[in-house]
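Trainee: Below: one structure in structure tokens.
Derivation of every value follows stated rules applied to the coordinates shown; laboratory data play no part. Computed from a predicted model, the values in this text were never measured in an experiment. Neighbour counts run over all protein chains shown; Cβ positions are idealised from the backbone, glycine included.
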Amino acid sequence: MARYLLRRTAFLLGSLLAAAGLLFVLLRLLPGDPANALLSVGATPEQIAAARRQIGSDLPLPEQFWSWLAGLARLDLGTSFVSRLPVGPEIAARLVVTVPLTLLAFTLAVVVAVPVGFVAAWRSDRWYGLLLNGVSQLGIAVPVFWIGMLLVTVFALRLRVLPAGGFPRDDWADPARALTSLALPVVTIALVMSASLVRYVRSATLDVLGSDYLRTARALGSSFAGAMWRHGLRNAAVPVISILGIELATTFLGAVVVESVFTLPGLGTMLVEGIAEHDYPVIQGVLVVSTFAVLVIGFGADLAQRLVDPRLRAHVGGGRP
């Protein structure tokens, strides 16, 4: 397992380096000059050249890349072209919104999807099992921004029980107020995510319910609940854990849509602002942090699978799975 952790850590760092290089190249291929973000309309060529020298975009691309990579190795994400403020602390301030939003929505989705998916599989021949399956399919097809606008219309504009958007200026100084601001965004993400998770939980549970080992356990006298707890739960959890990692990463990356709908000052909003202003350090910083988060989530999901399934641990240790 120690060798496995070392290999996975090396792979994570190598993937992050490759992603950083790819992001750097792709951003430089986009149309537009980042120096224009510092200038007003009608700037002279001399002013544009001075702005380029100021932000370093006049340097050769390899020199720009190695300079940025050296800063990244020091955990320095650079300085914004527009605000002239360090990007790292700004990202940390935005994560105060994005991380709780993602984790709360993920937790709510799991709490809803696991029992619903189990019931949809266990009672797949009953009307309510078919209904749960149909509702989950419908939930996958509905866009997240449409659900967000619908919730705002009902709970914010008509019932006036929750705010339509925004986040307290003092962040989490008042936890109750902050949680109230995140209520509708969290429910919006959780509804979409749970619809997808229900499908995977249902599929994994159906596989377990039709397995020979579960029927054998029942034939030997185990109750349904006991057989599921001792034999079925672990086997059903292995594929679901992988999907949970993908869903968590997708939620973190997809927060830009929900943050835009609810005007939350999170990482997604920062990325949109950086793209609109051609602020390369901001765009690079947000994307690198997001990429690192996705890689860490994937690493955690892979490790959790090996902890749950002893066959995978045997394979890592060099034995037969």
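Trainee: Taking the highest mean first, how do the peptides 127-138, 109-120 order by number of other beta carbon atoms within 10 angstrom per residue? Numbers along the way, then the final one.
Mentor: Numbers: 127-138: 13.8, 109-120: 20.3.
Order by mean packing, descending: 109-120, 127-138.
Trainee: Still on this structure, I have one more. Quick check on packing: order 150-158, 240-248, 185-193 by the mean number of other C-beta atoms within 10 Å, highest mean leading.
Mentor: With the highest mean Cβ count within 10 Å placed first, the list reads 185-193, 240-248, 150-158.
Trainee: Let's test this: bin the Cα-Cα distances of segment 162-274 at 5 Å from zero up to the farthest pair and state each bin's percent.
Mentor: Going from the shortest bin to the longest, the percentages are 2, 11, 16, 14, 12, 10, 9, 8, 7, 6, 4, 1, 0.
Trainee: If you consider only alpha-carbon coordinates, what radius of gyration and Dmax does segment 156-201 have, in Å?
Mentor: Computed over the Cα atoms of segment 156-201, radius of gyration and Dmax are 13.5, 39 Å.
Trainee: Mind checking the alpha-carbon convex hull of segment 230-283 and giving the volume per residue in Å³?
Mentor: Details: hull volume 5.4 nm³, N = 54.
Output value, Cα hull per residue: 100 Å³.
Trainee: Give me D for segment 60-139 in µm² s⁻¹, whole number, from Stokes-Einstein with Rh from the Kirkwood sum over alpha-carbon pairs, 10 °C and 1.306 mPa s.
Mentor: Values: Rh = 16.9 Å.
Value of D from the Cα-based Kirkwood radius: 94 µm²/s.
Trainee: With viscosity set to 0.890 mPa s at 25 °C, what whole-number translational diffusion coefficient in µm²/s follows for the chain from Stokes-Einstein and a Kirkwood radius over Cα pairs? Intermediate values should be presented prior to the final figure.
Mentor: Numbers: Rh = 22.7 Å.
Approximately 108 µm²/s, per Stokes-Einstein.
Trainee: Given the Cα-Cα distance of ALA304 and TRP127 and 0.36 nm per residue of separation, how much length would full extension add, in nm? Let's see the in-between values first.
Mentor: Working: separation 177, 0.36 × 177 = 63.72 nm, distance 3.49 nm.
Roughly 60.2 nm would be gained on extension.
Trainee: Using helices alone, I'd like the mean residue ellipticity at 222 nm for the chain: each DSSP H run of four-plus residues gives -39500 (n - 2.57), total over residue count, nearest 500. Don't jump to the answer; show the numbers that get you there.
Mentor: Values: 14 runs with 232 residues, N = 321.
It comes out at -24000 deg cm²/dmol, rounded to the nearest 500.
Trainee: Averaging over every viewing direction, what projected area does the convex hull of the Cα atoms of segment 1-127 cover, in nm²?
Mentor: Details: hull surface 58.4 nm².
With every direction weighted equally, the projected area is 14.6 nm².
Trainee: May I ask you to order 201-210, 80-89 by the average number of other C-beta atoms within 10 Å around their residues, highest value first?
Mentor: Working: 201-210: 19.1, 80-89: 16.9.
Those peptides, ordered most packed to least, come out 201-210, 80-89.
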